[in-house]
Every structure is written in C-alpha cells, then in structure tokens.
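Notes to accompany the following structure.
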Amino acid sequence: MIISMKLHATKEEVEHVTERIREFGYKVHSIQGEERVVIGAVGVGDVTACLESLEAMPCVEKAMRISAPYKFVSKEFHPGRTQIKINGVEIGGDRFVMMAGPCSVESEKQMMETAEAVARSGAQMLRGGAFKPRTSPYDFQGMEVEGLKLLRKAKEATGLGIVTEVMSDGDVDLVAEYADVLQIGARNMQNFALLKALGRCGRAILLKRGMSATVKELLMSAEYIVAHGNPNVILCERGIRTFETVTRNTCDIASIPALRELTHLPIVLDPSHATGKRSLVPPLARAGVAIGADGIIVEVHPCPEKAISDGAQSLTLAQFDTMMRELKPYIALWNESRVPALAAAV
Ligand code: PEP
Ligand code: MN
C-alpha cells in the first residue's frame, strides 16, 4: 500500500498513521518530501480493512493498494496457463473446446437430439440448464433433478461432458453428481456462500461474468473458489449491461485478452448471451476464436421457436453445424498460435 499524507501533516499525525498501519501487521517505510510524507506499507494483512481505516483519518490524503487483490488466480502465482482435464477433454491447452446445447433442459427428445447433433458437428461438451435463474418468478424455473437425469442420459449416449448451472450452495453436491462442469450464472457471480461451497465440490467450475461486474471483480470471485480449495475454474465472458439496446448485452471482447494478461485460468466466450440474437452468434464466435479464447459455450436448440427460454439466441442444429464448419479455418490459425505459446510457457 502507498499512503500519501495531507500537505504539511505534523510529525505526530505521521506517527499516528504509522502506528495504525503497524497494528494491521505491516512493515512501514516512509519518505519525507519537501511538503508531504509518503508512507509505503508492505507485508500480509487485511488490506481492505487497513485502507478503510486509513482513509477515515483526516490527515491522510490518499491510501491505495498497489499489488493485485487476487493471488491464486494471478499470473504471478502461476506464469503459464492452467489446463483443466474434463471428461477426457483438456481446456486451456492446445485444443479449442466447443460447448453447446440448449438454454434449458426441456425433454428427453430435445436433449438426445441436441446432444447427438452437436457431438456429430464436433462439440466436446453439452450444456443445458436444469436449474434456471429467471428474471421473473413466474417463468419456467427448470426441470431440476429430472433435468439432471436427462443430461446424464445424453452423456451416456454421446460421451459429451456435461456443463450445467448450480444456483445455490445447498444444491452443489446434487448437481456435482451429474455434471462435469458446474456453471455459475452471471446473476450469481458474487453469491459468496455459493462460491465458497464450490471450493469443496471436486468439479470444474465455469464462472460467468456478472452483468455489471468488472474484470477484476470476476477475478476476485474466481479467487474465492480457488482460495476455498478448487483450482479448476474457467472464466466466461458473456456480455455486460450497457446503454446499448440492439444487443441483449454488450460483449466486452477485449476482456478476453485483458484477462489473459492477468490470469492463468482458461477463458471462454458465450456469444449467445452476449448478443441475444441468433444471427450475431457465428460472427462473435469467430471473434472469440480469433482473439484467443480457450473455448466457446453456445446455445443450440432443435426448434428454437419452441424453446422455453432463450429461443431468439439459440442456433438450430443445422446452423450450429454450419458455424462449426465456418470456424474451421479460424481454429486452424488458433492451433498454430497456441502450440508455440505453450512451448514457450514450459
Ligand atoms: C445461461 O447460460 O443460460 C444463463 C442463464 O447465462 P447467464 O448467467 O450468463 O445469463
Ligand atoms: Mn440462456
């Protein structure tokens, strides 16, 4: 931390501040300028509480943190990339990962048809929500356990790994029995009880960025999961809320390379929720590959007009197949860029 004292602060005031910093467990180094004293504090302690306490002191001009507030998820902690093996598929490594499936699990027919089609088109994982976070309490809330059972059935038939959302800490063990990856939805990114429970679940986590969350807040939420014992976290950009109304959310595509500079965790893009519009999904998916995401999670439905949720942004099975074919040259370039990068990281 750096603490800048007010102009002409007295010696007693500087001593008082120094004493307070030491009480929080930090070592203090002060620099006496012409008009102002600047104090450097180093060590390990409750930075937030210390900064709040210092900012409440009238003789302090400004108190700020200089190191990142997250540790385990940072590049400094692990300079390479983290690879996570999920149901035989590695994410964060030298293979681009496609996750696809409906917004909600609706029926056995819908799940089996979708799973078989997306597997044929080249997806490695199947998505589908059995517990749905809906803005309205009157909307479909998901098939819950019955939905989880259908996901299991689809996995048995196709071998695809399962990505599905968990909404509360009390459901973590149940969902973890059926899922390979537990999805944390945008609305739950800062549900700290849930994040803590994920630390113990033994499954990989797909953590979606909250719709009004900064990149650093996303990393802090990932830090919760890792600090509580689970290092297998995948970050997901799914668009944020802005003044723009043409798209459902605004895709912060730059967050992907920005995250890449800050963290070793795998990063995926969700072009479906980022746009809300089927026609925009393939171009955004191409952007995701080109910008170096580790994978994509996309909504696909056998009959989007009958989808219970998110039909307007769901690709048909044929559109998904076309998108996969169109992505091939982009993925070939991605492969070329990734192999030397991995070799350099070792
Ligand atoms: C979903 O994946 O269907 C979903 C609800 O996503 P988000 O949490 O990003 O809105
Ligand atoms: Mn959805």
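The values are calculated or read from the model by the stated rules, or taken from the named source; none is laboratory data. Just so it is clear, the model here is predicted, and its values are computed rather than measured. Please note: Cβ atoms are built from the backbone with ideal geometry, for glycine as well, and neighbour counts cover all protein chains shown. Just the protein is used for accessible areas: all its heavy atoms, side chains included, with ligands, DNA and RNA removed. Shrake-Rupley method; radii C 1.70, N 1.55, O 1.52, S 1.80 Å.
Here the 3J(HN,Hα) profile of region 174-182, calculated from phi with Karplus coefficients 6.51, -1.76 and 1.60 at θ = phi - 60°, is 4, 5, 5, 5, 9, 9, 8, 10, 8 Hz, Gly and Pro shown as x.
Summarising the amide proton neighbourhood of ALA204: residues at separation of 5 or more, or on other chains, whose placed amide H is nearer than 5 Å comprise LEU182. Which of rounded, prolate or oblate describes region 196-346 when judged by the alpha-carbon gyration tensor and an a/c cut-off of 1.5? Taking the square roots of the gyration eigenvalues as a ≥ b ≥ c, region 196-346 is oblate. Per-atom-type breakdown for the chain gives carbon and sulfur 53% of the accessible area (1.4 Å probe, protein chains only). Checking every one of the trypsin sites (Lys or Arg not before Pro) in region 148-204 against DSSP loop status and a limit of 15 other Cβ atoms within 10 Å picks out ARG200. According to the square roots a ≥ b ≥ c of the eigenvalues of the Cα gyration tensor, what is the shape class of region 115-229, taking rounded for a/c under 1.5, prolate for a/b larger than b/c otherwise, and oblate for the remainder? It comes out prolate by the Cα gyration axes.
For LYS27, a cut-off of 16 angstrom between C-alpha atoms picks up these aspartates and glutamates, skipping any fewer than 8 places away in its own chain: GLU15, GLU19, ASP46.
Given contacts defined as C-alpha pairs under 8 Å and at least six residues apart, what's the relative contact order of region 134-215, whole-number percent? Intermediate values should be presented prior to the final figure.
Details: 101 pairs, mean separation 19.8, N = 82.
Value for region 134-215: 24 percent.
Charged neighbours of THR250, selected by a Cβ distance under 10 Å, balance to 0 (K, R count +1; D, E count -1). A Förster distance of 30 Å, applied to the separation of the beta-carbon atoms of ARG36 and GLN190, puts the FRET efficiency at 0.20. Taking amide H positions as modeled 1.01 Å from N, with prolines and chain starts lacking one, the residues under 5 Å from ILE86 and 5 or more places away or on another chain are ILE91.
Tell me the per residue accessible area of the chain using a 1.4 Å probe; a whole number in Å² is fine. Write out the running numbers ahead of the final one.
Working: 15880 Å² over 346 residues.
I get 46 Å² per residue for the chain.
Note on the chain: helix-only mean residue ellipticity at 222 nm, from DSSP H runs of 4+ residues weighted -39500 (n - 2.57) and normalised by residue number, equals -11500 deg cm²/dmol. Summarising the amide proton neighbourhood of SER104: residues at separation of 5 or more, or on other chains, whose placed amide H is nearer than 5 Å comprise GLY129, SER309. Bridgeable lysines around LYS149 (alpha carbons under 26 Å apart, same-chain partners fewer than 8 residues away excluded): LYS85, LYS109, LYS132, LYS196, LYS208, LYS306. With a ≥ b ≥ c the root eigenvalues of the C-alpha gyration tensor of the chain, is it rounded (a/c under 1.5), prolate (a/b larger than b/c) or oblate? Because a/c hits 1.5 or more and a/b exceeds b/c, the chain counts as prolate.
For region 241-307, run through the GluC sites (Glu not before Pro) and keep only the ones in DSSP coil with at most 14 other Cβ atoms within 10 Å of their Cβ.
Listed in order of number, the matching sites are GLU244.
Residue by residue, region 310-320 carries 3J(HN,Hα) couplings of 6, x, 5, 9, 8, 7, 6, 5, 5, 5, 5 Hz when phi is fed to the Karplus relation 6.51 cos²θ - 1.76 cosθ + 1.60 (θ = phi - 60°); x denotes Gly or Pro. Scanning the chain for chymotrypsin sites (Phe, Trp or Tyr not before Pro) that sit in a DSSP loop and have at most 14 other Cβ atoms within 10 Å, the longest stretch containing none of them is 244-346. Restriction of the trypsin sites (Lys or Arg not before Pro) in region 61-148 to DSSP coil positions whose beta-carbon has at most 13 other beta-carbons within 10 angstrom yields ARG65, LYS71.
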